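What follows is one structure encoded as structure tokens, with my remarks underneath.
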Amino acid sequence: MNAKNLSLPALLAGSVIMSGAFAADIDAKAAEALMKRSNCNKCHAIEGKKDGPPYKETAAKLKGKPDAEKQLLVHLTTNPKIKVDGKEELHDNLKTKNEAEILNVVRWILAR
Ligand code: HEC
């Protein structure tokens, strides 16, 4: 998957426009299905640390931050370098190029 094909500015603009959205706008089933398909569960759980931090910890860390959505959109679309067991690797992107689906997952994580 090539993150360069994604229009990040459009993604972020959309997130600003929609940032007044209510939690009810999150499609939890779609978010969970996409994360499952993208193997996120291998390294993350809602609670409890695996190789990556639990979603609750990330949500708590970013709570109230105006750029929380932007930070996670970037994290999940640009393959940032991470360390797993002390070894450097590239963080996986979500297995979609659909911007609305990515934003839905970001909001799901932030609502944990
Ligand atoms: C090989 C293990 C692994 C996989 C697979 C993985 N992650 Fe991660 N993830 C990590 C690690 C390790 C970190 C911590 C990176 C750091 O703090 O530098 C992380 C960090 C995160 C964060 C926190 C980012 C932040 O800014 O604090 C989120 C959210 C996240 N991952 C979501 C996902 C999603 C969604 C997927 C599926 C596309 C996924 N991860 C797949 C290991 C993984």
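All of the numbers you see were taken from the coordinates with simple rules; none came from a lab. No experiment lies behind these values; they were computed from the predicted model shown. FYI the Cβ positions are ideal-geometry reconstructions off the backbone, even for glycines, and counts take in every protein chain you see.
Per-residue answers, yes or no, for (1) more than 9 Å from the ligand (Cβ to nearest atom); (2) buried (at least 16 other Cβ atoms within 10 Å of the Cβ):
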residue: G64; (1), (2): yes, no
residue: L76; (1), (2): no, yes
residue: N79; (1), (2): yes, no
residue: V84; (1), (2): no, no
residue: E89; (1), (2): no, no
residue: K97; (1), (2): yes, no
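To keep it simple, each residue is scored yes or no on (1) in contact (Cβ under 8 Å) with a residue 12 or more places away in the chain; (2) closer than 23 Å to R112 by Cα; (3) in contact with a His (Cβ under 7 Å, 6 or more places away or on another chain); (4) β-branched (V, I, T).
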position	(1), (2), (3), (4)
T58	yes, yes, no, yes
K65	no, yes, no, no
L72	yes, yes, no, no
P80	no, yes, yes, no
D92	yes, yes, no, no
K95	yes, yes, no, no
Notebook entry, point to check: Of all residues in segment 79-112, which are under 15 Å from C40 (Cα atoms) and part of a loop (DSSP other than H, G, I, E, B)?
Noted result: N79, P80, H91, D92, N93, L94, K95, T96
